[in-house]
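K.L.:
Just dropping this structure here.
Taken together, the values in this text are just the output of simple stated rules run on the coordinates, not laboratory data. This structure is a prediction, so every number in the text was calculated from the model and none was measured. All Cβ positions, glycine included, derive from the backbone under ideal geometry; neighbour counts span all protein chains shown.
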Amino acid sequence: MFFKKSDLHIHKEDFLLLPNILTYIRFLLVPAFIIVYMNAESLSDHVASAILIVVSGITDVADGFIARHWNLTSDLGKIIDPIADKCMQFAMMFCVCIRYRWVIILIVIYAVKEIVSALASAYLFTRGKHIEGAMWCGKLCTVILFLVMLSLVAIPHIPPHIVATMIGFAAAFMLLAFVIYMRAYFVLWLEYLNEQKHPLATDMSPLDKIPGEDSLLQKELFRSEQGKKSAK
């Protein structure tokens, strides 16, 4: 999500809001996960790595619920929350890639998706267009990636054909989310171009949009219909 400088309202008390504190914990869980997983030698070590991922997921859900339920949302939280999510996602993929080389496919797709989406969002935001919140496909992609990475982390010895199937499944949903987001950005871009060609179209009232300078009868009929609707 992108913000103009004038749109940001970050206050000192925002740093101590409970949802933001939970996000700080997620940041700390990233290096903790990397250390535990990279030094894992037994099944219990892999399970401990998976537990850290689960805790990260729980704090992610909890901070969003608390922020909305107790009205503790803040611009600071809107900035750092998605950053914490992406840090953990990248950490999981890079670490698992050491054991399962084919995960590099997910890393490439994910990196391209995030970079292109960030550039498209920035371009459209500076022109007054943006997507409100996360789309369903993005949320679904995140859940699937989370479950696939969690399984690969928790279970050290998975048959190669099953690993390939899991990676392909996650890659397919990642590409699907990418395509849907690109379509949404393209629609917003077309709206922007249309507004540039017809700058007065969005400011015109229905009465002004009646064609013809001498269509007084049409305008009178329009006023009459509007009066009947308001009377009802």
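K.L.:
Taking the stretch 144-203 only, how many residues are in contact (Cβ under 8 Å) with a residue 60 or more places away in the chain and either hydroxyl-bearing (Ser, Thr, Tyr) or loosely packed, with under 12 Cβ neighbours inside 10 Å (or both)?
P.N.:
Here is the first cut: in the stretch 144-203, the residues in contact (Cβ under 8 Å) with a residue 60 or more places away in the chain are 146, 149-150, 153-156, 163-164, 167, 170-171, 174-175, 177-178, 181-182, 185, 188-189, 191-192.
Narrowing the set further to residues that are either hydroxyl-bearing (Ser, Thr, Tyr) or loosely packed, with under 12 Cβ neighbours inside 10 Å (or both) leaves 181, 185, 192.
Residues flagged as in contact (Cβ under 8 Å) with a residue 60 or more places away in the chain and either hydroxyl-bearing (Ser, Thr, Tyr) or loosely packed, with under 12 Cβ neighbours inside 10 Å (or both) within the stretch 144-203 amount to 3.
K.L.:
Ok, one more. Taking the stretch 129-143 only, how many residues are assigned to a loop (DSSP other than H, G, I, E, B) and either touching a Pro at 6+ places or on another chain (Cβ under 9 Å) or in contact (Cβ under 8 Å) with a residue 12 or more places away in the chain (or both)? Outline the logic, then answer.
P.N.:
So the first thing to find is which residues in the stretch 129-143 are assigned to a loop (DSSP other than H, G, I, E, B), and the list is 129-135.
So of that shortlist, the ones also either touching a Pro at 6+ places or on another chain (Cβ under 9 Å) or in contact (Cβ under 8 Å) with a residue 12 or more places away in the chain (or both) come out as 129-131, 134-135.
Residues in the stretch 129-143 being assigned to a loop (DSSP other than H, G, I, E, B) and either touching a Pro at 6+ places or on another chain (Cβ under 9 Å) or in contact (Cβ under 8 Å) with a residue 12 or more places away in the chain (or both): 5 in total.
K.L.:
Right, here's the next one. Report, by residue number, each residue of the stretch 60-117 that is touching a residue at least 60 places away in the same chain (Cβ under 8 Å) and outside any helix (DSSP H, G or I).
P.N.:
Across the stretch 60-117, the qualifying residues are Ser74, Tyr100.
K.L.:
While we're here: Given the conditions (1) over 22 Å from the mean Cα position of the chain (by Cα); (2) under 28 Å from Pro159 (Cβ atoms), and given that Ser56 satisfies all but one, which numbered condition is not satisfied?
P.N.:
(1)
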